[in-house]
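Notes follow once the structure below has been shown.
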Amino acid sequence: PVNQILMDLLSRKILATVNQIIDPKIALEIAEAHGFLAEIKIEGEETEEEEKTLEIAEEEIQEEEENLVERPPIVTVMGHVDHGKTTLLDTIRKTDVASKEHGGITQHIGAYKIKLPNGKEITFLDTPGHEAFTTLRARGSKVADIAILVVAADDGVKPQTIEAINHAKNAKVPIIVAVNKIDKPGADPMRVRQQLTQYGLVPEEWGGDTIFVDISAKTGYNVETLLEMVLLVAEMLELKANPNRLAIGTVIESKLDPKRGAVATVLVQNGTLHIGDYFVAGYTWGKVKAMFNERGERVSKAPPSTPVEVLGFDEIPEAGDKFIAKETEREAKQLAEIRKQRREEELLAKKTRIHLENLSGQKEINLIIKTDVQGSAEALKKSIEDLAEKFPDITINIIHSGVGAITESDVMLAAASNAIIIGFNVRPDTGARKTAEEENVDIKIYNIIYNVIEDLEKALKGLLAPVQ
Ligand code: GDP
């Protein structure tokens with residue numbers, strides 16, 4: 001209840017109103033006191049420019065219905081190695097009506113759009129496997145609308161099949177199962193169906209809601225049916241975009257071309273990209289000098305769900321970078337500059353993050369304490385306070401203490417507040433360990449309070465030898 005929160009703040013001598021922005025550390029403390037620790041995530045402050053970018057993302061959601069038109073689905077092909085992903089992507093590419101009309105030679109630019117005989121279009125990410133998918137996802141870009149899971153009928157469900165399912169599920173991307181190599185003598189498509197029920201993929205014919213299509217990527221058998229199913233699912237998803245706005249997309253691939261300079265494939269997700277548009281992508285920016293489609297043909301505009309090779313980047317962007325067209329050069333350049341500066345600051349912060357071994361000379365030290373039981377947290381706090389009295393010119397803040405394993409959110413809090421984590425009879429979980437390494441956050445584990453205090457005291461006196 002609001003009243004309770006205001007009371008809690010008051011007890012910390014903060015007279016707050018309902019709309020007031022408060023210190024994240026305090027929010028964390030209060031949330032934790034009410035058992036909401038898992039919900040807390042401290043983020044860096046947004047600059048005005050960044051906020052503008054975020055606004056754009058929001059605009060995307062609030063787009064007026066009347067401006068929206070149907071857009072082609074964006075599809076990723078996933079599955080175990082050798083189950084036929086590349087073969088399927090090649091076979092599908094050959095069904096492209098536009099290619100036949102133009103006689104163009106298809107080039108690999110990271111994605112391609114095909115036109116079916118009925119005039120409908122589908123865009124495929126043509127880097128098979130989930131590497132592309134995970135890179136894009138890891139950088140926060142959700143690109144694919146639908147995943148085709150390829151499972152070889154003569155081999156069945158394999159480790160990467162399961163990984164692919166998990167990736168798609170995490171991204172909330174619907175899965176269509178293509179049971180491949182149906183032409184092979186040892187093919188057992190029923191076994192694949194049986195195996196996949198274990199992972200929540202139950203065929204429609206068995207009362208589930210997953211579409212299964214038996215195909216042969218090699219002979220082309222039923223590939224057309226598979227594409228029809230993709231369109232069916234796309235229709236249910238009601239994929240729409242506004243072609244009459246500045247483009248928003250994602251960088252799919254990038255390279256430095258000896259002749260053309262920095263080149264990147266951008267998959268336009270909303271709006272239309274035009275020659276001459278200014279844009280920002282990750283830490284770089286530019287002006288669209290030229291665009292090429294997957295047949296190497298020059299194009300002057302790229303509507304929603306279209307992949308295009310873009311020339312005109314100031315520097316090479318990274319796969320997964322959000323690409324946002326901007327009204328003016330100034331805007332695009334400024335945003336890239338701000339991001340670059342922020343990245344440098346972050347790198348510096350990471351490098352200079354506090355460790356027990358480099359404490360000496362610090363005037364203020366932040367600690368996070370995680371213990372197995374509440375009692376030891378109290379005892380530890382008391383001992384630290386006693387120790388602090390010996391060092392009157394140093395302030396030791398226990399910014400957070402809790403019971404249980406050291407989690408990723410503890411590490412994020414430590415990173416945000418430049419704190420050291422002390423675990424007493426508890427360990428970091430896998431996520432926490434990984435993040436701590438990435439963020440250069442120091443985690444120290446003890447099981448005797450005396451040792452914590454001894455180490456801290458040594459550290460404060462600058463006597464602790466650096467460890468490798
Ligand atoms: P990826 O690793 O998933 O991309 O698999 P590939 O597309 O490279 O295919 C692996 C092997 O399986 C290749 O030798 C393909 O020719 C073969 N293959 C793929 N699809 C089929 C199919 O439908 N039938 C048969 N018989 N072989 C296939």
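In order along region 184-189, phi translates into HN-Hα couplings of 6, x, x, 5, 9, x Hz, rounded to whole numbers, per the Karplus curve 6.51 cos²θ - 1.76 cosθ + 1.60 with θ = phi - 60° and x for Gly and Pro.
Remark on region 333-384: ratio of C-alpha radius of gyration to 2.2 N^0.38 Å is 1.80. Between amide H atoms placed 1.01 Å from N, distances below 5 Å from Ala152 occur with Asn180, all of them 5 or more places distant or on a separate chain. Each 10 Å bin from zero holds the following percent of Cα-Cα pairs in region 105-255: 10, 37, 38, 14, 2, 0. Legend: residue pairs Lys255/Lys326; Lys142/Lys322; Lys85/Lys240; Lys240/Lys287, Cα-Cα distance threshold 19 Å; pairs beyond threshold, Lys255/Lys326; Lys85/Lys240; Lys240/Lys287. In terms of accessible area, using a 1.4 Å probe and ignoring ligands and nucleic acids, Tyr112, Tyr283 rank largest first as Tyr283, Tyr112. The distance from the alpha carbon centre of region 218-288 to that of region 435-454 is 46 Å, rounded to a whole number. Longest segment of the chain with no trypsin sites (Lys or Arg not before Pro) in a DSSP loop having at most 15 other Cβ atoms within 10 Å? Formally, the longest exposed-site-free interval is 261-362.
Suppose all protein chains stay in the model; what accessible area per residue would a 1.4 Å probe give for the chain, in Å²?
51 Å²
Convex hull volume of the Cα atoms of the chain, normalised per residue: 211 Å³. Counting other Cβ atoms within 10 Å, which GluC sites (Glu not before Pro) in region 219-265 have at most 13 and lie in a DSSP loop? Sparse-neighbourhood loop GluC sites (Glu not before Pro): Glu238.
For Val157, the amide hydrogen comes within under 5 Å of no other amide hydrogen, counting only partners 5 or more places away or on other chains and with H modelled in the peptide plane.
Across region 420-437, computed HN-Hα scalar couplings (Karplus, 6.51 cos²θ - 1.76 cosθ + 1.60, θ = phi - 60°) run 9, 9, 10, x, 10, 6, 9, 10, x, 7, 4, x, 5, 5, 5, 5, 4, 5 Hz from first to last residue, x flagging Gly and Pro. Sparse packing (at most 12 other Cβ atoms within 10 Å of the Cβ) combined with a DSSP loop state is found for the following GluC sites (Glu not before Pro) in region 314-396: Glu327. Of all DSSP beta bridges confined to the chain, the antiparallel ones make up roughly 50%.
Between the amide H of Glu253 and those of Thr265, distances stay under 5 Å, these residues lying 5 or more places away or on another chain, with hydrogens modeled in the peptide plane. For the Cα trace of region 330-468, dividing Rg by the Kirkwood Rh returns an Rg/Rh value of 1.04. How large, in percent, is the carbon and sulfur part of the accessible surface of the chain at a probe radius of 1.4 Å? It is 50 percent, rounded to a whole number. FRET efficiency for the Glu378 to Thr197 pair, using the beta carbon distance and R₀ = 45 Å, is estimated at 0.35.
The values are calculated or read from the model by the stated rules, or taken from the named source; none is laboratory data. Source: prediction; values computed, not measured. Ideal geometry is used to build each Cβ from the backbone, glycine not excepted, and the neighbour counts take in all protein chains shown. Areas reflect the complete protein model, heavy atoms only, side chains present, ligands, DNA and RNA absent. Shrake-Rupley method; radii C 1.70, N 1.55, O 1.52, S 1.80 Å.
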